Amino acid sequence: MPRSSSRGAELSAAPVEHLLGYLLALAEVPTTAAFRRHVGEPFGLRPVEFTLLMLLQANARASATQIRHALRMPAPHVTTLVDRLAERGLLQRGRDPHDGRAVRITLTPEGTALAGRLQAVAVHMEDEVQAALTPAERTMLRRLLKKLAGAPAG
């Protein structure tokens, strides 16, 4: 029978320290804290809202289907997400000029301005989170995470 840990003593992580899920969860703690400090609190955005603004900044006109695939979210969640950001005046829906049935989602001027500010904040935030890594390690980490996520590793 294993001995109980005494009060105040650290638990041995040996049973889980080799598990990817455990390590990702540990890495998520400082990442989430940095996001909250740099984006969440100052701009009132959730991570997925930030991500959508960045995606729309790079892809001027996106369909809900494209957003759903990029974020790997069910359609009803995309609708809710778009509604929230539209209510804040950051994006808008419009008809596709080439297909009147399709709806395209674009940033408003306010959304474009905010996305530009967020881009600079993101660079600082990423540098803070990855400060312990060399440039080569940062590149390798991104490449490996993309591979695990099933995205092109380029």
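In region 39-55 there is no residue that is of a type outside the set (Asp, Glu), over 27 Å from Asp127 (Cβ atoms) and either within 15 Å of the chain's Cα centre (by Cα) or at pLDDT below 95 (or both).
When residues in region 118-135 are screened for being free of Cβ contacts under 8 Å to residues at least 40 places away in the same chain and surrounded by fewer than 16 Cβ atoms within 10 Å (Cβ to Cβ), 9 of them pass. Selection of helices (runs of 4 or more DSSP H) fully inside region 1-82 by the criterion of at least 1 residues being under 30 Å from Val103 (Cα atoms) returns 47-58, 64-71.
Checked against (1) in contact with a helix residue (DSSP H, G or I) (Cβ under 7 Å, 6 or more places away or on another chain); (2) modelled with pLDDT of 95 or more, Pro135 passes all but condition (1). Collect the residues in region 80-93 that are out of contact with any strand residue (DSSP E or B) (no Cβ under 9 Å at 6 or more places or on another chain) and surrounded by 14 or more Cβ atoms within 10 Å (Cβ to Cβ), keeping them in residue-number order. The answer is Leu81, Arg84, Arg88.
Considering only region 26-77, state which residues are β-branched (Val, Ile, Thr), in contact (Cβ under 8 Å) with a residue 60 or more places away in the chain and within 23 Å of Pro109 (Cα to Cα). Please lay out each step first, then the result.
Our first condition is that a residue be β-branched (Val, Ile, Thr); within region 26-77, this holds for 29, 31-32, 39, 48, 51, 65, 67.
Filter once more, so that each one left must be in contact (Cβ under 8 Å) with a residue 60 or more places away in the chain: 31, 39.
Correct list: Val39 only.
What do you reckon, is Leu145 without any contact (Cβ under 8 Å) to a residue 12 or more places away in the chain, in contact with a helix residue (DSSP H, G or I) (Cβ under 7 Å, 6 or more places away or on another chain), under 22 Å from Arg36 (Cβ atoms) and among the aliphatic types (A, V, I, L, M)? No: the conditions fail for Leu145.
With the structure loaded, tell me whether Thr112 is in a helix (DSSP H, G or I), hydroxyl-bearing (Ser, Thr, Tyr) and either surrounded by fewer than 11 Cβ atoms within 10 Å (Cβ to Cβ) or touching a residue at least 24 places away in the same chain (Cβ under 8 Å) (or both) or whether it fails that test. Reasoning before the result, please.
Numbers: in a helix (DSSP H, G or I): yes; hydroxyl-bearing (Ser, Thr, Tyr): yes; either surrounded by fewer than 11 Cβ atoms within 10 Å (Cβ to Cβ) or touching a residue at least 24 places away in the same chain (Cβ under 8 Å) (or both): yes.
Judged against the criteria, Thr112 is a match.
The values are calculated or read from the model by the stated rules, or taken from the named source; none is laboratory data. What you see is a predicted model; the values in this text were computed from it and never measured. We place every Cβ from the backbone using ideal geometry, glycine too, and count neighbours over all the protein chains shown.
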